[in-house]
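**Student:** I'd like to ask some things about the structure below.
The values are calculated or read from the model by the stated rules, or taken from the named source; none is laboratory data. Owing to the predicted nature of the structure, the values given are computational and were not obtained by experimental measurement. So basically every Cβ, Gly included, is an ideal-geometry build from the backbone, and we count neighbours across all protein chains shown. Heavy atoms of the whole protein, side chains included, go into the accessibility calculation; ligands, DNA and RNA do not. Shrake-Rupley method; radii C 1.70, N 1.55, O 1.52, S 1.80 Å.
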Amino acid sequence: MKSLISTRDLSREDVERILNYAQQIKGGDVPQLEGDVALLFMEPSTRTRISFEKACRKLGLETYTVVGESSSMVKGESFFDTLKTFEALGFSSVVFRVPFVLFPYEDLVKNLSLSLVNAGDGTHQHPTQGLIDLFTLLEEFGSLEGLRVLYVGDITHSRVFRSGVHLLNAFGVKVSVCGPRTLIPREVKSLGVEEVFDDIDEALENSDAVIWLRLQKERQKENFIPSERSYFRQFGLTVERYEKLRGKFLHPGPVNREIDIDGRLMYSEKSLIQKQVENGLYVRMAVMRWCLE
Ligand code: CP
């Protein structure tokens, strides 16, 4: 039984195994597993929660959901004690989304006989989204060696970026970022970024694929941007920029229309958004298999 908290804990071999499983499952080869999975979601989610639930059920796993206000964590119970409760009830795995950063987590994992699967912890990690983006890019490009992938937007608050950059680097991708300097962490190069662009049009000229990120309005405690309108003008995917895009674009969702992306482009020819959601099911089934086999 294994846990997946951060993509930084995955070797290239682990990632390849998970992606192979996802490919097999997508091709119709669906293994059957036994066990109960708790889905503990303390933050809003549509695609992650429903795709984990569907993934588990398709694998023959029973699912039980606890959401936000209905958890005793709002009465002060700790995360560890909540997980111990699931352990005592005989769950095999807990898929969790929490508003706080879970770091360090080694002791937590060591002191539980459960498989823990991170579905997003604060601004830290969202490993299955990173794996989905990698899987989707591999489907699109075949090999990623030397590919130039650009992340645009709110890098500071992005657990999707922190999960993806490590995986993309492991597959030979040159990762760059572009966004307001107020939303790019100082240590971004140490995270695996080759270049930081201030000018989106220059960044697009130097990219083969682009991952637009959501401006995380709920985490903007300071005035990081002058206005949503100016942010869209400076960094958003406008129709003019869409025409100049060399390759495809991705967005993990949910999208802020007219802030991250012009709404008319969401399901356009160069958009991989629907593909990412579709692949979410297969990748999450693969992750559950990898964790529980
Ligand atoms: N990408 C993502 O995590 O979406 P949800 O918040 O809808 O789960």
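**Student:** When you go through Y267, Y242 one by one, which is the residue that is within 21 Å of the chain's Cα centre (by Cα) and of a type in the set (S, T, Y)?
**Tutor:** Being within 21 Å of the chain's Cα centre (by Cα) and of a type in the set (S, T, Y) holds for just one of Y267, Y242, which is Y267.
**Student:** Regarding region 217-225, can at least one residue be identified that is under 30 Å from L39 (Cα atoms), out of contact with any strand residue (DSSP E or B) (no Cβ under 6 Å at 6 or more places or on another chain), of a type outside the set (D, E) and open to solvent by less than 50 Å² (accessible area, probe 1.4 Å)?
**Tutor:** Looking for residues that are under 30 Å from L39 (Cα atoms), out of contact with any strand residue (DSSP E or B) (no Cβ under 6 Å at 6 or more places or on another chain), of a type outside the set (D, E) and open to solvent by less than 50 Å² (accessible area, probe 1.4 Å), one finds at least one in region 217-225, hence yes.
**Student:** I'm checking my understanding of the structure. Among residues of region 257-286 that are among the hydrophobic types (A, V, I, L, M, F, W, C) and open to solvent by 20 Å² or more (accessible area, probe 1.4 Å), which one is farthest from the ligand (Cβ to nearest atom)?
**Tutor:** Checking each candidate, the answer is L281.
To keep it simple, each residue is scored yes or no on (1) modelled with pLDDT under 95; (2) assigned by TED's automatic domain parsing to the domain that holds V160; (3) in a loop (DSSP other than H, G, I, E, B).
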site: V15; (1), (2), (3): no, no, no
site: Q23; (1), (2), (3): no, no, no
site: P31; (1), (2), (3): no, no, yes
site: L39; (1), (2), (3): no, no, no
site: V74; (1), (2), (3): yes, no, no
site: F86; (1), (2), (3): no, no, no
site: V94; (1), (2), (3): no, no, no
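**Student:** Let me ask something else. Which residue, of T82, T123, is within 21 Å of Q216 (Cβ to Cβ) and among the polar types (S, T, N, Q)?
**Tutor:** When all the criteria are applied, what remains is T123.
**Student:** Determine which single condition G236 fails, assuming it passes every other condition in (1) small (G, A, S); (2) within 21 Å of the chain's Cα centre (by Cα); (3) open to solvent by 10 Å² or more (accessible area, probe 1.4 Å).
**Tutor:** (3)
**Student:** Give me the residue from region 6-21 that is away from the ligand (no atom under 16 Å from the Cβ) and touching a His at 6+ places or on another chain (Cβ under 9 Å) and, out of that set, least open to solvent (accessible area, probe 1.4 Å).
**Tutor:** Here the answer is L10.
**Student:** Is one or more of the residues making up region 204-215 within 21 Å of the chain's Cα centre (by Cα), farther than 25 Å from P99 by Cα and open to solvent by 20 Å² or more (accessible area, probe 1.4 Å)? Write out each step before concluding.
**Tutor:** Filtering region 204-215 down to residues within 21 Å of the chain's Cα centre (by Cα) leaves 207-215.
Among the residues that remain, those that are also farther than 25 Å from P99 by Cα are: 207-210.
Restricting the remaining residues to those that are open to solvent by 20 Å² or more (accessible area, probe 1.4 Å) gives 208.
Yes, the conditions are met somewhere in region 204-215.
**Student:** Now, a different point. Quick one: which strands (runs of 3 or more DSSP E) lie wholly within region 134-227 and hold at least 2 residues that are in contact (Cβ under 8 Å) with a residue 12 or more places away in the chain and within 16 Å of the ligand (Cβ to nearest atom)?
**Tutor:** Result: 148-152, 209-212.
**Student:** Answer yes or no: is there a residue in region 74-96 that is within 29 Å of V255 (Cβ to Cβ) and within 16 Å of the ligand (Cβ to nearest atom).
**Tutor:** Scanning region 74-96, I find at least one residue that is within 29 Å of V255 (Cβ to Cβ) and within 16 Å of the ligand (Cβ to nearest atom), so the answer is yes.
**Student:** Here's another thing I want to ask about it. Answer yes or no as to whether L112 is in contact (Cβ under 8 Å) with a residue 60 or more places away in the chain, over 25 Å from Y242 (Cα atoms) and outside any helix (DSSP H, G or I).
**Tutor:** no
**Student:** Going by the structure shown, is R289 over 21 Å from the mean Cα position of the chain (by Cα) and either open to solvent by 20 Å² or more (accessible area, probe 1.4 Å) or among the polar types (S, T, N, Q) (or both)? Lay out the reasoning, then the answer.
**Tutor:** Working: over 21 Å from the mean Cα position of the chain (by Cα): no; either open to solvent by 20 Å² or more (accessible area, probe 1.4 Å) or among the polar types (S, T, N, Q) (or both): yes.
So R289 fails the test.
**Student:** Among the residues of region 22-70 satisfying the criterion of being within 12 Å of the ligand (Cβ to nearest atom) and small (G, A, S), which is surrounded by the fewest Cβ atoms within 10 Å (Cβ to Cβ)?
**Tutor:** Filtering first and then ranking leaves S45.
**Student:** When the residues of region 105-121 are filtered to those that are within 19 Å of the chain's Cα centre (by Cα) and either open to solvent by 10 Å² or more (accessible area, probe 1.4 Å) or within 16 Å of the ligand (Cβ to nearest atom) (or both), which remaining residue is nearest to F91 (Cα to Cα)?
**Tutor:** Going through the qualifying residues, I end up with V117.
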